[in-house]
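Structure first, commentary second.
Quick note: the coordinates plus some simple rules give every number you see, no bench work behind them. These numbers were taken from a predicted model, which means no experiment stands behind them. No Cβ is skipped: glycine too gets one built from the backbone with ideal geometry, and neighbour counts run over all protein chains shown.
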Amino acid sequence: MELKLGFLASHGGSNMQAIIDAYKKGETTAIPAVVISNNSKSFALQRAKDEGIPNFHISSASYPESDDLDNAIIEKMEEFGVNLIILAGYMKKIGIGILRKYKGKILNIHPALLPKFGGEGMYGMNVHRAVIEAKEKESGPTVHLVDEEYDNGRILNQMKIDVNENDTPESLAEKVLAVEHLIYIDTIKKIETGEIVLD
């Protein structure tokens with residue numbers, strides 16, 4: 001299946017960059033087609049510019065009504081033929097219009113082994129802190145489909161790493177991020193080959 005990827009990012013976009021790099025090296029044929037950020041100063045937009053990928057700032061500043069915001073994002077996704085949306089650190093809840101239009105075609109990565117440590121407020125350091133406080137022996141990223149509830153969609157792929165006694169939220173975050181890049185690319189490849197079938 002030929003994949004055309006549309007990225008939604010709010011900040012650095014390091015996962016997005018890893019996927020772009022994999023495409024450039026021929027590790028995947030999934031084409032990075034467009035990058036959209038709700039933050040005009042996000043490094044993700046700069047990365048897209050540097051790579052020559054069409055990029056747009058679309059946010060509630062220009063589209064205060066959520067339906068209008070959804071439609072503006074959908075319009076760009078359609079313009080560039082996107083058939084798989086990749087959330088790369090997008091810090092905004094996906095609107096119902098986008099969820100309906102791209103049902104079963106939106107991927108997110110979560111920095112813990114869902115269904116543990118998911119839900120509202122569980123992002124960034126909050127997740128890693130919760131994992132350490134719960135004295136978990138392992139953690140790792142989860143790639144899942146996005147639906148109306150935070151971190152609730154079908155789990156597609158997980159990668160486990162050990163949590164050591166001397167890990168801090170910061171050191172754990174670093175370890176998880178390193179494998180996030182690998183698992184996102186692995187998941188996209190498996191969708192391409194049909195090993196993972198989307199809803």
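Give the Kirkwood hydrodynamic radius (Å, one decimal) of the range 109-187, defined as one over the mean of 1/r across all pairs of different Cα atoms.
Working: mean 1/r = 0.0808 Å⁻¹.
About 12.4 Å for the range 109-187.
Extents of the range 1-47, largest first, come to 31, 17, 12 Å (Cα atoms, principal axes, whole angstrom). The modelled label-to-label distance between LYS25 and GLN158, using points 7 Å beyond Cα along the C-beta direction, is 2.7 nm.
The amide H of THR28, built 1.01 Å from its N in the peptide plane, has TYR23 as neighbours under 5 Å, considering only residues 5 or more places off or on other chains. Pairs exceeding a 30 Å alpha-carbon distance, out of LYS41/LYS105; LYS49/LYS101; LYS24/LYS116; LYS25/LYS137; LYS41/LYS175: LYS24/LYS116; LYS25/LYS137.
In the distance distribution for the chain, Cα-Cα pairs more than 27 Å apart total 26 percent.
Based on the Cα coordinates of the range 80-144, what is the per residue volume of their convex hull in Å³? Can you show the working numbers first?
Working: hull volume 6.1 nm³, N = 65.
Per-residue hull volume (Cα only) is 93 Å³.
At 37 °C and 0.692 mPa s, what whole-number value in µm²/s does Stokes-Einstein give for the translational diffusion of the range 1-118, with Rh from the Kirkwood sum over Cα pairs?
Rounded to a whole number, D works out at 227 µm²/s.
Applying 0.36 nm per residue to the separation of LYS137 and ALA178 and subtracting their alpha-carbon distance, the gain on full extension is 13.0 nm. Computing FRET efficiency as 1/(1 + (r/R0)^6) for GLU195 and GLU78, where r is the C-beta to C-beta distance and R0 is 25 Å, gives about 0.35. Converting phi to 3J(HN,Hα) with the Karplus coefficients 6.51, -1.76 and 1.60 and the offset θ = phi - 60°, the range 111-116 yields x, 8, 7, 4, x, 6 Hz in sequence order, with x at every glycine or proline.
With both residues required to sit in the chain, DSSP beta bridges show an antiparallel share near 35%.
Looking at the range 1-107, which GluC sites (Glu not before Pro) are DSSP coil and have at most 12 other C-beta atoms within 10 Å of their C-beta?
Values: sites: GLU2, GLU27, GLU51, GLU65, GLU75, GLU78, GLU79; in loops: GLU2, GLU27, GLU65.
Qualifying residues, ordered by number: GLU2, GLU65.
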